[in-house]
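S.K.: Got a structure for you, questions after.
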Amino acid sequence: MTDIDRIGTAALGEGGPLVGVQGLGCMGMSFAYGPVDADASRATLERALELGVTLYDTADAYGAGDNERFLAPFLKAHRDEVVVATKFALSIPPDDPTRRIVRNDAPYIREAVEASLKRLDVDVIDLYYMHRRDVNVPIEETVGVMAELVREGKVKQLGLSEVTAGELRAAHGVHPIAAVQSEWSLFSRDIEARVVPAARELGVTLVPYSPLGRGFLTGSFADAHQDLTADDFRRQMPRFTGDNAAANAALLEPIRAIARSHDATPGQIALAWVHQRAQVHRLPVVPIPGTRRPARVEENTAATRIILTAEELAQLEPIADQVTGTRYADMSFTSAGRE
Ligand SMILES: NC(=O)c1ccc[n+]([C@@H]2O[C@H](COP(=O)([O-])OP(=O)(O)OC[C@H]3O[C@@H](n4cnc5c(N)ncnc54)[C@H](OP(=O)(O)O)[C@@H]3O)[C@@H](O)[C@H]2O)c1
């Protein structure tokens, strides 16, 4: 492999460590998106690292700890080369995967961090996110506890997921926030109104999750009920089923046309768009597309070298406003639902 195959880097928070400009979402390796394949997932982790991916994203909620346990041997083998991000706050009861329990209180966080350290089998978590906001606990209190974890050496940097601009500002006043992780893609652009400008103002890196629209933007499925297994989480998402799915599939046409002219795939265009959109907003981004297949990590990292023209960006501009169906069934689960 030549150096040219490796992706570039971006800082994780102001003055923070440099990481590969694309990270790897590991959730699907254990949970949410149908049957898992441990061997292919392990090969994906290794291939990603060879290509310069250094930020690996997990959460305690992914498979009720399974995803963190799955990552542990990889982290042991490459501890100094990778940055591991995990999250607390959310639990999904295995007997009812449609339910979400959110906790941001001090005793919960203290228990959660110890459990994650143990499952990941590391001495310190590089980036620790609050996964979801529990509005019963002031954000200053939650971040105060997270800051204690930094002082105690259990955690290096702090992150927040799906917070509003106001919550981000309040949190940053307590302790520097290195990263905000929120959904951002050609189909989901609500954070550009307030969260992205606040992140830029504060020097916070954006970590866009589901940059491939949970796979929909790649064309790998068209209707979640018809194409995905019964346990697949995407069947609960309004935009991926029935009339919404059919209408949204039609929106992929301009993406496909642009992909053809670059000899690229629609997924690569979706990823290139996130990188270029962040440049417009003048803030660092490290998208974390999720995949369990080495060939796809090659495809996804190669997207960092695609440059879209102003004309192509203009063609992609109207798509998000035309999407039918919300990105979650319950939007109070997102920053947009609270802003
Ligand atoms: N903070 C949060 O609340 C939150 C929420 C959701 C996700 N996340 C994090 O963000 C990461 C990424 O988001 P995501 O996994 O939801 O969505 P995504 O990255 O937009 O899409 C992932 C889906 O696309 C497929 N895929 C990936 N590369 C592909 C390619 N080149 N061609 C065709 N299909 C491709 C994957 O299938 P294969 O695996 O079979 O390749 C998977 O089904 C997750 O892994 C997780 O770590 C965070």
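The values are calculated or read from the model by the stated rules, or taken from the named source; none is laboratory data. Everything numeric here is computed off the predicted structure, so don't read it as measured data. Cβ: placed from backbone, ideal geometry, glycine included. Neighbour counts: every protein chain shown.
S.K.: Within the stretch 32-57, how many residues are closer than 22 Å to Ala179 by Cα, in a loop (DSSP other than H, G, I, E, B) and in contact (Cβ under 8 Å) with a residue 60 or more places away in the chain?
M.R.: Total satisfying the criteria: 2.
S.K.: Being hydroxyl-bearing (Ser, Thr, Tyr) and within 6 Å of the ligand (Cβ to nearest atom) is the filter; apply it to the stretch 203-221 and report the residue that is nearest to the chain's Cα centre (by Cα). Step through it out loud before you land on a result.
M.R.: Our first condition is that a residue be hydroxyl-bearing (Ser, Thr, Tyr); within the stretch 203-221, this holds for 205, 209-210, 218, 220.
Right, trim to within 6 Å of the ligand (Cβ to nearest atom) and you get 209-210, 218, 220.
Values: Tyr209: 2, Ser210: 6, Thr218: 16, Ser220: 19 Å.
My answer is Tyr209.
S.K.: Quick one: is Ala72 within 14 Å of the ligand (Cβ to nearest atom), at pLDDT 95 or above, hydrophobic (A, V, I, L, M, F, W, C) and on the phi < 0 side of the Ramachandran plot? If you could, list the steps in order and put the result at the bottom.
M.R.: Working: within 14 Å of the ligand (Cβ to nearest atom): no; at pLDDT 95 or above: yes; hydrophobic (A, V, I, L, M, F, W, C): yes; on the phi < 0 side of the Ramachandran plot: yes.
Against the criterion (within 14 Å of the ligand (Cβ to nearest atom), at pLDDT 95 or above, hydrophobic (A, V, I, L, M, F, W, C) and on the phi < 0 side of the Ramachandran plot), Ala72 does not qualify.
S.K.: Then there is this: Name the residue, out of Asn244, Asn300, that is under 26 Å from Gly16 (Cβ atoms) and either within 11 Å of the ligand (Cβ to nearest atom) or touching a residue at least 12 places away in the same chain (Cβ under 8 Å) (or both). So that I can check it myself, show each step before the final result.
M.R.: Details: Asn244 fails: under 26 Å from Gly16 (Cβ atoms).
Unique residue meeting the criteria: Asn300.
S.K.: In the set Asn67, Asn104, which member is modelled with pLDDT of 95 or more and over 28 Å from Ala303 (Cβ atoms)? Walk me through it before giving the result.
M.R.: Values: Asn67 fails: over 28 Å from Ala303 (Cβ atoms).
Sole residue among the options that is modelled with pLDDT of 95 or more and over 28 Å from Ala303 (Cβ atoms): Asn104.
S.K.: Further, regarding this structure: Scanning for something modelled with pLDDT under 95 and within 16 Å of the ligand (Cβ to nearest atom), does the stretch 136-153 turn up at least one residue?
M.R.: Taking every residue of the stretch 136-153 in turn, none turns out to be modelled with pLDDT under 95 and within 16 Å of the ligand (Cβ to nearest atom).
S.K.: Further question on the same structure: Just to verify a result, which residue in the stretch 33-50, among those that are hydrophobic (A, V, I, L, M, F, W, C) and surrounded by fewer than 21 Cβ atoms within 10 Å (Cβ to Cβ), is farthest from Arg293 (Cα to Cα)? Steps first, answer last, please.
M.R.: Taking the stretch 33-50 and keeping what is hydrophobic (A, V, I, L, M, F, W, C), we get 36, 38, 40, 43, 45, 48-49.
Restricting the remaining residues to those that are surrounded by fewer than 21 Cβ atoms within 10 Å (Cβ to Cβ) gives 36, 38, 40, 43, 49.
On the way: Val36: 11, Ala38: 10, Ala40: 6, Ala43: 7, Leu49: 13 Å.
Only one residue tops the list, namely Leu49.
S.K.: State all residues of the stretch 244-293 that are surrounded by fewer than 17 Cβ atoms within 10 Å (Cβ to Cβ) and hydroxyl-bearing (Ser, Thr, Tyr); if no residue qualifies, say none.
M.R.: Correct list: Ser261 only.
S.K.: Confirm whether Val174 is more than 20 Å from Gly267 (Cα to Cα) and either surrounded by fewer than 24 Cβ atoms within 10 Å (Cβ to Cβ) or of a type outside the set (A, V, I, L, M, F, W, C) (or both).
M.R.: For Val174, the condition - more than 20 Å from Gly267 (Cα to Cα) and either surrounded by fewer than 24 Cβ atoms within 10 Å (Cβ to Cβ) or of a type outside the set (A, V, I, L, M, F, W, C) (or both) - is met.
S.K.: Hey, another quick one. Please count how many residues of the stretch 247-294 are within 11 Å of the ligand (Cβ to nearest atom) and of a type in the set (Lys, Arg).
M.R.: Here the count works out to 2.
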